[in-house]
Amino acid sequence: YFRIFNPISQGKKFDPNGKYTKKYVTELKHMPNEFLFSPWEATDLILKEADITLGNNYPYPIVDLKQSREKALAAFASLKAESHATQ
């Protein structure tokens, strides 16, 4: 059994008010909680009000979470199948 953690859902679950995140990721201190863990989904107006410029003072997403999850699941399935084939 394994888990594939999603940083967006983990942030929403364990830091719902953004207290920890806003303290240690100061670029996001003015970001509304709704977009705190996915600021790239915020409107241009919200980003402007939060003083965020994606690609400048806060990065665009590095990893496509859906795609990376699917890739990890496929890799684990392949390893599991390979393991059963050699037994």
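Remarks
- At full extension, residue 19 and residue 75 could sit 16.6 nm farther apart than now, given 0.36 nm per residue minus the alpha carbon distance.
- Taking the alpha carbon gyration tensor of the chain, multiplying each eigenvalue by 5 and rooting it gives semi-axes of 35, 14, 9 Å, largest first.
- Over 27 Å (Cα to Cα) - which of 19/48; 19/71; 12/48; 22/66; 13/71 fall in this group: 19/71
- Over the chain, relative contact order from alpha-carbon pairs under 8 Å, at least 6 apart, %: 22
- Using a Förster distance of 22 Å, the FRET efficiency for residue 30-residue 8 (Cβ separation, nearest 0.05): 0.70
Each value in this text was obtained by applying a stated rule to the coordinates, not by laboratory testing. Note that the coordinates shown come from a computational prediction; the quantities given were computed from them, not determined experimentally. Heads up, the Cβs are rebuilt from the backbone with ideal geometry, glycines too, and the neighbour counts pull from every protein chain shown.
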